[in-house]
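Engineer: The structure is given below, and queries will be raised subsequently.
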Protein chains: 2
Amino acid sequence: MKKLINSPESVLADALAGVAAAHPELAVDVPNRVITRAVRPAAPKVALVSGGGSGHEPLHGGFVGPGMLDAACPGEVFTSPVPDQVLTAARAVDSGAGVLLVVKNYTGDVMNFRLAAELAAEEGIEVRTVLVDDDVAVRDSTWTAGRRGTGATVLVEKIAGALAERGAPLAEVAAVGERVNAASRSFAVALTAATVPAAGKPGFDLPEDEIEVGVGIHGEPGRRREKLRPARELAAEVVDTVLADHDLAAGDEVIALVNGLGGTPLLELYIVFGEVAARLAEHGVTIARSLVGNFVTSLDMAGFSLTLTKADAGLLELWDAPVATPALHRS
Amino acid sequence: MKKLINSPESVLADALAGVAAAHPELAVDVPNRVITRAVRPAAPKVALVSGGGSGHEPLHGGFVGPGMLDAACPGEVFTSPVPDQVLTAARAVDSGAGVLLVVKNYTGDVMNFRLAAELAAEEGIEVRTVLVDDDVAVRDSTWTAGRRGTGATVLVEKIAGALAERGAPLAEVAAVGERVNAASRSFAVALTAATVPAAGKPGFDLPEDEIEVGVGIHGEPGRRREKLRPARELAAEVVDTVLADHDLAAGDEVIALVNGLGGTPLLELYIVFGEVAARLAEHGVTIARSLVGNFVTSLDMAGFSLTLTKADAGLLELWDAPVATPALHRS
């Protein structure tokens, strides 16, 4: 295993120290593993809290800032944050307007965030949860009941974050988050497996000419293995797979995210994006907005995921709203 | 070789098609391989043109936009753009205020940009060139006379771009670019080699427990190979190596860039940044601004580079100025 770490045990603490050193605009509580904005919002607003296992950076800490999250709770690598951690975050950012928890659909996350929500409610904090389950690859697995949550998390956090920033009440912020999730579908392909530091070796073996189609962001098995093919064919298959589970029709508009899984160069992601755009054009679907890069990663895994979110004017306006976080910024 | 490409021959054209599809704020001339801003600056201003081999994305195309570059000329992978390409870019963006070429110090780039500058001058375009040569690892090599140009390119383009955006004359814009380069030193470490698509295999062999210390962004040999060590030791060595070639003293301020080479997860880059910050603190050097992520990559190479730029109030103010490009954005 070749990694820029001190020891597998200290990965999260050491990375949080680095986030603290690099981002004075964030407040990093290293012992409690909570990242918040250094400057609290001027007026009370619904607070967005997200989290999950580490290893998916910039998710979630990289999305803390005006227009997006109020706090992130990173767990150990590929491990859910604990309930106390989420509770600490909720306490830190609740201004009385309530807290929205954005949770990816994995059994551990669902359980721990639910417990945290109950504890917060007992303290008088109003809590709602949006569960993200956009990955069409598999239904039910060792990690999940139902679909897994992946790339759509970025869109839920951005769009619900924009509405929260405008002072909308908790029910509306939760509703728009659920709407984005319902309008989103994702699918991923891996060229290599990720190596979890504590494991010391790749999570699965993949022959030199094969890919894992429908892989999860923790290296969960996908639908099948097949030979690596040209980007054009692969992108077309991924687009068709996502559309088969979507309610998109010719004439519809989407926000398209071509997301790197951590080990794939940006050059290749742009090639994939070009082929995705070409295939969507064949289906008559218009890309209204796009995002290309590493947003929901799986450590050093090579590969990409595609997320398509059916867009309307309301969602696009919130997508375009200002945001200032380490990983996503627009004015 | 596992890559998301259609064929080694079409990598650049296919990637440019993707950039065009993803970024309506850019104008991509795919046949001529020139990326410009879709919306020209409202008033005449000095135009910044950069370029170099592909495979270093987001450099340079990802830095085209208000506050930074006016045009980028990507060559084939790890291959200089041709003079005609640079000339086409200079013609496209010159508003009469002149053109600043930002060139990384590699023999091919230097030669082709010089020829382009001569051709542009014959057409009456005023041209100045800033040569970036920040890499302290080696002096002279098969690729370069003098030091190689690496991470400082981002700082030169950002800071000179900010001054150009304010309407400063060409001589001043060139001078600040030269000042940033002179104030910058970089050093890189590779954990793995990059695979150039046309070569089909890694550029060099590196045993499972060894790293290349002082590697170049095309996989050029560094100073030596050594065993992989904890991030803390490695970061300290890299900081000390950069400082040994720098004129920084206790009490000085720097802009610190911890740059991923393409295949290293952000989680690890933050661990490195934390250790870099700790070592700089031991030297009494203050990090005034920071940047962590993939900015000057080497395809899928795992590893990182550190760039330290000695900062003063003037440079920091230009560094903080608004910028709106695909890879760097602040308001």
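The values are calculated or read from the model by the stated rules, or taken from the named source; none is laboratory data. These numbers were taken from a predicted model, which means no experiment stands behind them. Cβ placement follows ideal geometry from the backbone for every residue including glycine, while neighbour counts extend to all protein chains displayed. We work out accessible area using only protein heavy atoms, side chains counted, and drop any ligands, DNA or RNA first. Shrake-Rupley method; radii C 1.70, N 1.55, O 1.52, S 1.80 Å.
Engineer: Among the residues in the range A:72-85, are any charged (D, E, K, R) and over 30 Å from residue A:200 (Cβ atoms)? Let's see the steps before the verdict.
Structural biologist: Quick first cut of the range A:72-85, residues charged (D, E, K, R) only: A:76, A:84.
From what's left, over 30 Å from residue A:200 (Cβ atoms): none.
Scanning the range A:72-85, I find no residue that is charged (D, E, K, R) and over 30 Å from residue A:200 (Cβ atoms), so the answer is no.
Engineer: Same structure again: Applying the selection to the range A:220-233, what residues are under 21 Å from residue B:14 (Cβ atoms) and open to solvent by 40 Å² or more (accessible area, probe 1.4 Å)?
Structural biologist: Correct list: A:227, A:228, A:229, A:230, A:232, A:233.
Engineer: So the check is Cβ under 9 Å with 6+ separation or different chains; which pairs have a first residue in the range A:114-136 that's without any contact (Cβ under 8 Å) to a residue 12 or more places away in the chain and a second one that's surrounded by fewer than 21 Cβ atoms within 10 Å (Cβ to Cβ) and part of a helix (DSSP H, G or I)?
Structural biologist: From the range A:114-136, the pairs are A:118/A:83.
Engineer: Further question: Could you please let me know if residue B:51 is closer than 22 Å to residue B:261 by Cα, away from chain A (no Cβ under 14 Å) and not aromatic (Phe, Trp, Tyr)? Talk me through it step by step, then tell me what you get.
Structural biologist: Values: closer than 22 Å to residue B:261 by Cα: yes; away from chain A (no Cβ under 14 Å): yes; not aromatic (Phe, Trp, Tyr): yes.
Criteria met by residue B:51.
Engineer: Taking the criterion of being more than 14 Å from every other protein chain (Cβ to nearest Cβ), closer than 28 Å to residue A:288 by Cα and surrounded by fewer than 20 Cβ atoms within 10 Å (Cβ to Cβ), would at least one residue in the range B:71-82 satisfy it? Outline the logic, then answer.
Structural biologist: Taking the range B:71-82 and keeping what is more than 14 Å from every other protein chain (Cβ to nearest Cβ), we get B:71, B:73, B:80-82.
Still in the running and closer than 28 Å to residue A:288 by Cα: B:71, B:73.
Checking the rest, the ones that are also surrounded by fewer than 20 Cβ atoms within 10 Å (Cβ to Cβ) come to none.
Checked the range B:71-82: no residue is more than 14 Å from every other protein chain (Cβ to nearest Cβ), closer than 28 Å to residue A:288 by Cα and surrounded by fewer than 20 Cβ atoms within 10 Å (Cβ to Cβ).
Engineer: Has the range A:297-308 got any residue that is hydroxyl-bearing (Ser, Thr, Tyr), more than 9 Å from chain B (Cβ to nearest Cβ) and more than 23 Å from residue B:291 (Cα to Cα)?
Structural biologist: Yes, the conditions are met somewhere in the range A:297-308.
Engineer: In addition: Anything in the range B:39-52 that is open to solvent by 50 Å² or more (accessible area, probe 1.4 Å) and either at positive phi or in contact with a His (Cβ under 9 Å, 6 or more places away or on another chain) (or both)? List them, or say none.
Structural biologist: Residues satisfying the conditions do not exist here.
Engineer: Please work out which residue is most open to solvent (accessible area, probe 1.4 Å), limiting yourself to the range A:12-37 and to residues that are more than 14 Å from chain B (Cβ to nearest Cβ) and within 24 Å of residue A:163 (Cβ to Cβ). Steps first, please.
Structural biologist: First, pick out the residues of the range A:12-37 that are more than 14 Å from chain B (Cβ to nearest Cβ): A:27, A:29, A:31-32, A:34, A:36-37.
Right, trim to within 24 Å of residue A:163 (Cβ to Cβ) and you get A:27, A:34, A:36-37.
Values: A:27: 38, A:34: 6, A:36: 23, A:37: 16 Å².
Among them, the one singled out is A:27.
Engineer: Ok, one more. Any idea how many residues of the range B:296-315 are open to solvent by 20 Å² or more (accessible area, probe 1.4 Å) and closer than 19 Å to residue B:263 by Cβ?
Structural biologist: So the count comes out to 1.
Engineer: Which one of B:111, B:68 is in contact with a helix residue (DSSP H, G or I) (Cβ under 9 Å, 6 or more places away or on another chain) and open to solvent by less than 10 Å² (accessible area, probe 1.4 Å)? Let's see the steps before the verdict.
Structural biologist: Details: B:111 fails: open to solvent by less than 10 Å² (accessible area, probe 1.4 Å).
Exactly one residue qualifies, and that residue is B:68.
Engineer: Here is a list: B:105, B:112. Which entry is polar (S, T, N, Q), within 16 Å of residue B:50 (Cα to Cα) and over 15 Å from the mean Cα position of the chain (by Cα)? Steps first, answer last, please.
Structural biologist: Numbers: B:105 fails: over 15 Å from the mean Cα position of the chain (by Cα).
Going through B:105, B:112 in turn, the sole match is B:112.
Engineer: Now a separate question. Say we look at the range B:34-71 and pick out the residues that are farther than 26 Å from residue B:202 by Cα and among the charged types (D, E, K, R); which of these is nearest to the chain's Cα centre (by Cα)? Even if it seems obvious, please write down each step before you answer.
Structural biologist: Here is the first cut: in the range B:34-71, the residues farther than 26 Å from residue B:202 by Cα are B:34-50, B:63-71.
Subsequent filtering for residues that are among the charged types (D, E, K, R) retains B:37, B:40, B:45, B:70.
Details: B:37: 19, B:40: 23, B:45: 22, B:70: 15 Å.
Step by step, filter the range B:34-71, then rank; the result is B:70.
Engineer: Something else: Among the numbered criteria (1) in a helix (DSSP H, G or I); (2) open to solvent by 20 Å² or more (accessible area, probe 1.4 Å), which one does residue B:161 miss?
Structural biologist: For residue B:161, the exception is condition (2).
Engineer: Determine which single condition residue A:254 fails, assuming it passes every other condition in (1) touching a residue at least 24 places away in the same chain (Cβ under 8 Å); (2) farther than 18 Å from residue A:134 by Cα.
Structural biologist: (2)
Engineer: While we're on this one: Of all residues in the range A:166-207, count the ones that are basic (Lys, Arg) and closer than 24 Å to residue A:248 by Cβ. First the steps, then the outcome.
Structural biologist: Of the range A:166-207, the ones basic (Lys, Arg) are A:166, A:179, A:185, A:201.
Now restrict to residues that are closer than 24 Å to residue A:248 by Cβ: A:179, A:185.
So the answer is 2.
Engineer: May I ask you to say which residue of A:237, A:226, A:220 is under 18 Å from residue A:106 (Cβ atoms) and either of a type outside the set (Ser, Thr, Tyr) or without any contact (Cβ under 8 Å) to a residue 24 or more places away in the chain (or both)? Spell out the reasoning first.
Structural biologist: On the way: A:237 fails: under 18 Å from residue A:106 (Cβ atoms); A:226 fails: under 18 Å from residue A:106 (Cβ atoms).
Within the list A:237, A:226, A:220, the selection yields A:220.
Engineer: Of the residues A:236, A:199, A:250, A:278, which single one is open to solvent by less than 30 Å² (accessible area, probe 1.4 Å), of a type outside the set (Val, Ile, Thr) and not assigned by TED's automatic domain parsing to the domain that holds residue A:146?
Structural biologist: On the way: A:199 fails: open to solvent by less than 30 Å² (accessible area, probe 1.4 Å); A:250 fails: open to solvent by less than 30 Å² (accessible area, probe 1.4 Å); A:278 fails: open to solvent by less than 30 Å² (accessible area, probe 1.4 Å).
Matching residue, one of A:236, A:199, A:250, A:278: A:236.
Engineer: For residue B:141, only one of the following conditions fails: (1) on the phi > 0 side of the Ramachandran plot; (2) of a type outside the set (A, V, I, L, M); (3) at pLDDT below 95; (4) more than 18 Å from the chain's Cα centre (by Cα). What is its number?
Structural biologist: (1)
Matching residues to (1) within 11 Å of chain A (Cβ to nearest Cβ); (2) under 18 Å from residue B:155 (Cα atoms); (3) hydroxyl-bearing (Ser, Thr, Tyr):
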residue	(1), (2), (3)
B:265	yes, no, no
B:270	yes, no, yes
B:280	yes, no, no
B:287	yes, yes, no
B:326	yes, yes, no
